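The values are calculated or read from the model by the stated rules, or taken from the named source; none is laboratory data. Owing to the predicted nature of the structure, the values given are computational and were not obtained by experimental measurement. Cβ placement follows ideal geometry from the backbone for every residue including glycine, while neighbour counts extend to all protein chains displayed. With ligands, DNA and RNA removed, areas are computed over all heavy atoms of the protein, side chains included. Shrake-Rupley method; radii C 1.70, N 1.55, O 1.52, S 1.80 Å.
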Amino acid sequence: QKFTEAEANLKKAVSLGADRPVDLYNVAAGYALMGKGEKALDFLERAVSGGFKDKQLLASDEDFAGIRGTERFQKLLKRLS
């Protein structure tokens, strides 16, 4: 419920070096939960490009329910096939 604080914390985590694929995935989840779909997808793309491979988790993670139907999200899932 504290979206401004949450976003500040996500930005801080990234600025401090949260750049492993799992870190980027978690940042993406945070943005998705805040309703910032494009930012979430940006970080998901970085996670996948960096080596995130868990297609089943991405496909079923409820944090991404709001963006799961987007073309960009579906393309990311296909990249994990």
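Things to note:
- Span-rule helices in the chain, defined as complete DSSP H runs reaching 15 Å or more along the axis (Cα) with Kyte mean at least 0.5: 21-33
- For region 39-81, a crude dipole built from +1 on the beta carbon of Lys and Arg and -1 on the beta carbon of Asp and Glu, taken about the Cα centre, is about 240 debye to the nearest 20.
- Relative contact order (%) - the chain, alpha-carbon pairs under 8 angstrom, separation at least six: 27
- Accessible area per residue in Å² at 1.4 Å probe, computed on the chain: 62
- Pairwise Cα distances in the chain exceed 22 Å for 17 percent of all pairs.
- Over the chain: helical MRE at 222 nm, DSSP H runs n ≥ 4 each giving -39500 (n - 2.57), nearest 500: -20000 deg cm²/dmol
- Accessible surface of the chain [probe 1.4 Å, protein heavy atoms]: carbon and sulfur percent: 51
- Counted without the sites themselves, the longest stretch of the chain free of trypsin sites (Lys or Arg not before Pro) in a DSSP loop having at most 14 other beta carbon atoms within 10 Å is 3-52.
- For the pair residue 13 and residue 65, label points projected 7 Å from Cα toward Cβ lie 2.0 nm apart.
- Part-to-part distance (alpha-carbon centres) for region 34-80 and region 3-33, which is given in Å: 14
- Each other residue within a Cβ distance under 14 Å of residue 50 adds +1 if Lys or Arg and -1 if Asp or Glu, for a net charge of -1.
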